[in-house]
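The next block holds one structure in the form of structure tokens; read it before the comments.
The values are calculated or read from the model by the stated rules, or taken from the named source; none is laboratory data. A quick note: this is a predicted structure, and the numbers were derived from the prediction, not measured. Please note: Cβ atoms are built from the backbone with ideal geometry, for glycine as well, and neighbour counts cover all protein chains shown. Surface areas here come from the heavy atoms of the whole protein model, side chains and all, with no ligands, DNA or RNA. Shrake-Rupley method; radii C 1.70, N 1.55, O 1.52, S 1.80 Å.
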Amino acid sequence: MEAPILQIAGLRAVFRIAGRDIAAVQDIDLEIGSGETVALVGESGSGKSVTSLSIMGLLAKKIGHIADGRISIRRRDGSVTELTGLDAEQLRRVRGNDIGMVFQEPMTSLNPVYTIGEQIAEPIRIHLGKSHREAAAEAVRLLTQVGIPDPARRAKQYPHELSGGMRQRATIAMALACNPTLLIADEPTTALDVTIQAQILDLLADLQAERGMGILFVTHNLGVVAEIADRVAVMYAGRIVETGPVSEVFARPRHPYTIGLMRSVPRLGQATALKAAGTPLPTIAGNVPSLAMLPKGCSFAPRCPMAIDACRAAVPPLFQVSQTQASRCIRWEEL
Amino acid sequence: MLSFIARRCATGLLMLVALSLLIFVLLRLAPGDPIDAYINPSVPMSASDLETLRDRLGLDQPLPLQYFGWLRAALSGDFGYSIQRSGVRVLPLVMERIGPTALLMGMGLAIAIVVGIAAGIYSAVRRNAWPDIAMSVLSFIGISSPAFLTALLGLYFFSVLLRWAPSGGMQTAGAPFSISDVLAHLILPACLLSIGHAALIMRYMRASLLEVLNQDYVRTARAKGVREFWVIIKHATRNALLPVITLIGSTVGIAIGGAIFLESVFNWPGMGLLLVNAVGTRDYPVIMGATLVIGICVILVNILTDVAYAFVDPRIQVA
Ligand SMILES: Nc1ncnc2c1ncn2[C@@H]1O[C@H](COP(=O)(O)OP(=O)(O)O)[C@@H](O)[C@H]1O
Ligand SMILES: [Mg+2]
């Protein structure tokens, strides 16, 4: 069997805060096959960005680092590389080359003083050793592929001359410039309005069908998960609490947090109806616990309607619910 | 870009007109008959000659008309004669001093810009390491010590005590002209001129780069696999330079003050020395001529600064 594109085992990433190492994510196991899209969902602060930055080796130096676990990827040439064993220079050669990344804010993630074409051409020159002229031509081709009309002219423009949706297309072109095996998209549509968001999701699906790369799609929007992902991993307070194929998890969630999350997502049109009626959207009661003071046992227990004493005794392991679905809830059988 | 430069030159021209008006009014406020400024004292003039000159200069006309007459004369390069040095026209006197002053200021500012920006980048990248803290202390001293103190101390230490550099002038008296000789005379006053500006540029550069290093596009550059050196230089520094360019532009005007002072300390044959001597002897035509030429230079530098800014920041053309 072909090795997966991305394999994460037992990842723990910590931040040094006030002299103490605090785990922002822990016990993370995740696999992405080629042509597969895995969504990482969870409320803000649950550790989604830390997970993706860990893969890239881009945790803020001096404050954050990977304390434990292994991350390996399958590269373009088919070889499997363990990223956690690489030095800074080797890791730099993987970034933008075998792994591309798209960030949330298209407004601020492009450099205002360089043209779009130059910013897309840069990784092509760095990693593929192409000349300025070849890389510039390739940048225009990439702009065509991400559906930007009049790409030759757009390549010569600066970020401020493009709309938000156009810019996000440009950053996707930039991330895919070296034909990576893995694309990490950290909330790529969160800053965009709904129609543009749908267009970007379609674009990503099309590009994946053409190129067959694996996608790690970070979002807090379950609607987007349903739209784009094959599998989903739900994160809470730095841990994956439920994982499985999107169809299975959505049909029958096996963790109270997933259930709460799904309940708080309004169906299309329902949100406006609720707002008109003056009823607030249903939310999960309580707050995300501070990472520095995680409760003993299950982190979700303080907010969980089903919590019992056993929940507070020890952190539950991931229970295999089916061949493909797993839940970190000791009462999964009752759900 | 061209229309931007044209617009900028137009405002520069307006500033120049305002400056000339100011200088003219000052000239008229000076004691004595303004015609004195235009008479070559070494050539005796008859009363009728005086009348002709007065007529030609329009000194019997109302002030606004006089202003235009003076402006026309000034535009054609006629700033009159030096009162102090008989028979010497002001314009060539001023012109021959531009070179040395430009050399001193150019060298001083070049040192300040290179040292200030390099030190600022280093400090920001290695923030809170000991070299950063040492440089912060040094720059604080550099900014807060008065120019006359650094000039005199520098002169005393490096010329008098250590004898590393000549103590004044632009060339060794009697020796044939050589570039190395001029450089040897130049280096100490230029370095002393640069201290305060280098310190200020460094503080700005450090603060600006620290802010830029937190920007999303710097993270994007790292995510593309750009080498850390180029992340700093290409992606961060070019953005961080924007406020520093503005600072450098406004620094030039201040540097002129410093240069005037240093020229008299080091006996450097530039505009500053000319101006200080002219003020001492109330040589109004020279003061006016020199001031106008300095003003033109400052306005030119400001235009250049704005053009440089527009060159570094593509967004400027929209505004
Ligand atoms: N630079 C940082 N310094 C300290 N703590 C951080 C830093 N970045 C993230 N964290 C911590 O990691 C947790 C997870 O953050 P993040 O992965 O950004 O969440 P999200 O799921 O919203 O992307 C946060 O609660 C925060 O406390
Ligand atoms: Mg995030």
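So which residues in the range A:192-230 are surrounded by 19 or more Cβ atoms within 10 Å (Cβ to Cβ) and small (Gly, Ala, Ser), if there are any at all?
Answer for the range A:192-230, where residues must be surrounded by 19 or more Cβ atoms within 10 Å (Cβ to Cβ) and small (Gly, Ala, Ser): A:Gly214, A:Ala229.
If we keep just the residues of the range A:49-74 that are among the basic types (Lys, Arg) and modelled with pLDDT under 95, which is farthest from the chain's Cα centre (by Cα)? Write out each step before concluding.
Taking the range A:49-74 as the starting set, the residues that turn out to be among the basic types (Lys, Arg) are A:61-62, A:70, A:74.
Checking the rest, the ones that are also modelled with pLDDT under 95 come to A:61-62.
Numbers: A:Lys61: 21, A:Lys62: 23 Å.
Step by step, filter the range A:49-74, then rank; the result is A:Lys62.
Could you please find all residues in the range B:122-139 being buried (at least 20 other Cβ atoms within 10 Å of the Cβ) and over 24 Å from the mean Cα position of the chain (by Cα)?
Quick first cut of the range B:122-139, residues buried (at least 20 other Cβ atoms within 10 Å of the Cβ) only: B:123-124, B:135, B:139.
If the condition is that a residue be buried (at least 20 other Cβ atoms within 10 Å of the Cβ) and over 24 Å from the mean Cα position of the chain (by Cα), then B:Ser123, B:Ala124, B:Met135 are the ones that fit.
Only one residue in A:Thr189, A:Thr171 is modelled with pLDDT under 95 and surrounded by 24 or more Cβ atoms within 10 Å (Cβ to Cβ), so which one is that?
On the way: A:Thr171 fails: modelled with pLDDT under 95.
One residue alone meets the criteria, A:Thr189.
Mind listing whichever residues of the range A:35-61 are open to solvent by 20 Å² or more (accessible area, probe 1.4 Å), in contact with a strand residue (DSSP E or B) (Cβ under 6 Å, 6 or more places away or on another chain) and more than 9 Å from ligand 1 (Cβ to nearest atom)?
Selection gives A:Glu36 alone.
Counting only residues that are at pLDDT 95 or above and either among the charged types (D, E, K, R) or part of a helix (DSSP H, G or I) (or both), how many does the range A:1-48 have?
So the count comes out to 6.
Residues of the range A:231-249 being more than 12 Å from ligand 1 (Cβ to nearest atom), crowded, with 24+ Cβ neighbours inside 10 Å and outside any strand (DSSP E or B), which ones?
A:Val249
Can you work out which of the residues in the range A:104-119 that are more than 7 Å from chain B (Cβ to nearest Cβ) and more than 28 Å from A:His220 (Cβ to Cβ) is surrounded by the most Cβ atoms within 10 Å (Cβ to Cβ)? Outline the logic, then answer.
Looking only at the range A:104-119, we keep the residues that are more than 7 Å from chain B (Cβ to nearest Cβ), and these are A:104, A:106-107, A:114-119.
Subsequent filtering for residues that are more than 28 Å from A:His220 (Cβ to Cβ) retains A:114-118.
Numbers: A:Tyr114: 20, A:Thr115: 20, A:Ile116: 29, A:Gly117: 25, A:Glu118: 18.
Checking each candidate, the answer is A:Ile116.
Please determine, by comparing only the residues of the range A:173-199 that are assigned to a loop (DSSP other than H, G, I, E, B) and among the small types (Gly, Ala, Ser), which one is nearest to ligand 1 (Cβ to nearest atom).
Going residue by residue through the range A:173-199, those that are assigned to a loop (DSSP other than H, G, I, E, B) are A:176-181, A:187-193.
Those still in the list that are among the small types (Gly, Ala, Ser) too: A:177, A:191.
Details: A:Ala177: 25, A:Ala191: 14 Å.
Taking the candidates together, the pick is A:Ala191.
What about A:Gly42, is it within 16 Å of ligand 2 (Cβ to nearest atom), more than 21 Å from A:Thr258 (Cα to Cα) and either touching a Phe, Trp or Tyr at 6+ places or on another chain (Cβ under 8 Å) or assigned by TED's automatic domain parsing to the domain that holds A:Ala326 (or both)?
On the way: within 16 Å of ligand 2 (Cβ to nearest atom): yes; more than 21 Å from A:Thr258 (Cα to Cα): no; either touching a Phe, Trp or Tyr at 6+ places or on another chain (Cβ under 8 Å) or assigned by TED's automatic domain parsing to the domain that holds A:Ala326 (or both): yes.
Considered against the rule, which asks whether it is within 16 Å of ligand 2 (Cβ to nearest atom), more than 21 Å from A:Thr258 (Cα to Cα) and either touching a Phe, Trp or Tyr at 6+ places or on another chain (Cβ under 8 Å) or assigned by TED's automatic domain parsing to the domain that holds A:Ala326 (or both), A:Gly42 comes out as no.
Can you confirm whether the range B:178-198 contains a residue that is part of a helix (DSSP H, G or I), open to solvent by 10 Å² or more (accessible area, probe 1.4 Å), of a type in the set (Asp, Glu) and modelled with pLDDT under 90?
yes
Could you tell me whether the range B:199-212 includes any residue that is surrounded by fewer than 16 Cβ atoms within 10 Å (Cβ to Cβ), under 30 Å from A:Glu89 (Cβ atoms), at the interface with chain A (Cβ under 10 Å from one of its Cβ atoms) and at pLDDT 80 or above?
No; the residues of the range B:199-212 include none that is surrounded by fewer than 16 Cβ atoms within 10 Å (Cβ to Cβ), under 30 Å from A:Glu89 (Cβ atoms), at the interface with chain A (Cβ under 10 Å from one of its Cβ atoms) and at pLDDT 80 or above.
So which residues in the range A:138-192 are among the polar types (S, T, N, Q), within 24 Å of the chain's Cα centre (by Cα) and within 14 Å of chain B (Cβ to nearest Cβ)?
A:Gln168, A:Thr171, A:Asn179, A:Thr190
Could you tell me whether A:Ala60 is in a loop (DSSP other than H, G, I, E, B), in the same structural domain as A:Gln168 (by TED's automatic domain parsing) and within 16 Å of ligand 2 (Cβ to nearest atom)?
In short, yes.
Could you identify the single residue in A:Ile22, A:Ile99, A:Ile32 that is open to solvent by less than 50 Å² (accessible area, probe 1.4 Å), within 30 Å of A:Tyr158 (Cα to Cα) and assigned by TED's automatic domain parsing to the domain that holds A:Asp206?
Numbers: A:Ile22 fails: within 30 Å of A:Tyr158 (Cα to Cα); A:Ile32 fails: within 30 Å of A:Tyr158 (Cα to Cα).
Every option except A:Ile99 fails the conditions.
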